[in-house]
Amino acid sequence: RPKNFPPGPPCLPVVGCVPFLPSQYLHLKMELWLKKYGSVVGLMLGSQPAVLICGPNEVLEVLRREEFQGRPEKANFRQENFNRKLGVFFSDGPFWVEQRRFTLRHLRDLGFGKSIMETLISEEIEDVIKELRQCKVLQVSRFFGLSTVNVIWALVAGTRYSRGDARLQDLLHALTRLFRSGSQTGGIVNAVPILKIIAPQVTGHQETLDHVTNLKFFFRNIIREHDKTFKENDLRDFIDVYLKEMKHQSDNENSTFSEDGLIITCFDLFAAGAESVSNTLSFTLLYTVLHPEVQGTVQRLLDDVVGKDRRPCLADRPRLQYVEAVLAEVMRINTVAAVAPAHRVTQDTTLNGYSIPKDTTVIASLWCILRDKEHWGDPEVFRPERFLDENDNFVKDEWMIPFGIGRRTCLGELMARNILFIFYTTLLQEFSFSLPVGDPEPSTLCLSGITSAPQPFRVKITRRS
Ligand code: HEM
């Protein structure tokens with residue numbers, strides 16, 4: 001361990017503390033270690049130092065402090081193969097600043113947060129509604145992945161996939177496997193990289209690589225197809241805009257724009273849509289069937305404010321404050337990012353009096369903030385009213401940070417919030433959801449991984465008259 005490093009679990013030669021790290025539910029282990037070791041826990045991942053940030057105040061602090069905004073060299077499967085930090089999610093420094101700005105600016109120009117996005121979301125939910133009308137009981141897990149990808153993909157690649165598209169369903173399945181089998185620490189292969197070579201099958205590394213290669217092949221093909229029909233004065237989507245920038249900078253040897261970079265940015269956006277938003281929607285249905293009284297209140301409100309002759313839209317938001325409270329409560333009680341993606345310390349620094357050397361991996365628990373007993377009182381209880389004041393207006397809470405905070409805050413927050421609002425309100429306007437007779441009550445314990453997802457469960461669908 002480095003000198004004056006925070007306390008933590010025992011450290012063994014070669015593997016460091018990895019044997020003491022859980023393969024699943026890191027956020028729950030961090031809750032226990034907060035009591036045992038304190039707010040900042042020191043670890044060795046093989047020979048690499050890492051700190052787990054388990055105390056709410058410390059999490060808020062590190063997510064805001066400049067020197068904690070790097071990303072580790074190789075803690076994630078998306079960096080495999082290219083061996084470089086590319087895209088937005090796992091890059092850092094000036095490269096990241098330029099790529100994040102570019103991505104955000106052009107997604108905004110193309111429709112992020114504008115009425116065109118609302119139209120895309122509305123078209124997508126109508127397809128979902130049509131499918132659900134034919135359905136009496138729905139197996140919820142992974143149901144929303146394709147629809148949420150479609151909204152994002154319309155802006156990124158100008159494409160929409162049908163629900164029966166077998167190739168896309170395979171890719172979504174591969175992505176789910178990557179997210180479920182991965183962890184924010186990178187696991188044993190990250191700590192002891194030689195295992196990637198000597199035991200790729202045993203460690204699951206080969207399977208990870210196969211999935212990643214498949215996904216990258218898919219993105220590369222889309223990009224090459226775009227390139228064949230590219231016209232500089234007719235930019236159709238984000239891929240075209242990026243290709244244009246790449247071509248303009250082709251003589252600049254310091255350019256941050258490359259085909260590999262575009263592949264990884266596509267990966268970032270595709271994965272975020274398929275995993276985070278779709279899992280949050282599944283959690284929303286989970287809490288809807290577990291709390292029929294909340295469903296009833298939302299439906300009465302929708303009947304009053306929207307009625308039955310039109311669909312809910314974003315302009316209804318100010319009059320649907322209870323809906324905002326329900327969505328916030330779902331993201332608080334079972335957030336999909338229980339642990340934020342790993343950060344990296346970019347210079348020697350200190351935290352709570354401990355020394356944190358440059359390049360230490362930083363793993364911050366959002367769960368400890370969203371489920372803090374002192375702040376929320378009854379954090380384990382699903383109670384949307386906690387977000388309403390005495391006049392039933394939604395009240396913002398500084399500790400509601402499911403999208404992170406600081407400079408690395410989620411790039412897709414606006415889009416995610418809009419999809420969640422339109423999907424949830426349209427679903428409850430059209431249907432009531434309940435547990436199928438004879439099905440056990442679904443557990444609220446999430447499936448663990450890089451993101452959290454609900455365990456598979458079924459809902460009975462009844463069309464409202
Ligand atoms: C409910 C849905 C979502 C949740 C809860 C969520 C949450 C998060 C969180 C916690 C982070 C990490 C912050 C950090 O590293 O400290 C993040 C980053 C990111 N998110 Fe999301 N996200 C969601 C949806 C989306 C969507 C729809 C997109 C894209 C369209 C997206 C794109 C990104 C990107 C690119 C980053 C990396 C930002 C950076 O490192 O600069 N996310 N998100």
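The values are calculated or read from the model by the stated rules, or taken from the named source; none is laboratory data. Bear in mind that the values here come from a model prediction, so they are computed numbers and not experimental data. Don't worry about glycine lacking a Cβ; one is built from the backbone with ideal geometry, like all the others, and counts go over all protein chains shown.
Summary of computed values
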{"quantity": "Residue within region 276-299 that is away from the ligand (no atom under 16 Å from the Cβ) and among the aromatic types (Phe, Trp, Tyr) present", "calculated": "no"}
{"quantity": "Hits in region 420-433 - residues which are more than 7 Å from the ligand (Cβ to nearest atom) and in a helix (DSSP H, G or I)", "calculated": "Phe421, Ile422, Phe423, Tyr424, Thr425, Thr426, Leu427, Leu428, Gln429, Glu430"}
{"quantity": "In region 48-105, residue modelled with the lowest pLDDT [restricted to those that are part of a loop (DSSP other than H, G, I, E, B) and closer than 20 Å to Thr350 by Cα]", "calculated": "Pro72"}
{"quantity": "Filtered residues of region 234-260 (kept if in contact (Cβ under 8 Å) with a residue 40 or more places away in the chain, part of a loop (DSSP other than H, G, I, E, B) and charged (D, E, K, R))", "calculated": "Arg236, Asp237"}
{"quantity": "Qualifying residue in region 377-390 (condition: crowded, with 21+ Cβ neighbours inside 10 Å, at pLDDT 95 or above and within 16 Å of the ligand (Cβ to nearest atom))", "calculated": "no"}
{"quantity": "Condition check for Pro6: modelled with pLDDT of 95 or more, away from the ligand (no atom under 12 Å from the Cβ) and not hydroxyl-bearing (Ser, Thr, Tyr)", "calculated": "yes"}
{"quantity": "Sole residue being more than 23 Å from the chain's Cα centre (by Cα) and under 23 Å from Gly353 (Cα atoms), chosen from Pro2, Pro13, Pro56, Pro19", "calculated": "Pro2"}
{"quantity": "Matching residues in region 139-165 - criterion: being surrounded by fewer than 18 Cβ atoms within 10 Å (Cβ to Cβ) and not small (Gly, Ala, Ser)", "calculated": "Gln139, Thr159, Arg160, Tyr161, Arg163, Asp165"}
{"quantity": "Residue check for Thr409: polar (S, T, N, Q) and within 16 Å of the ligand (Cβ to nearest atom)", "calculated": "yes"}
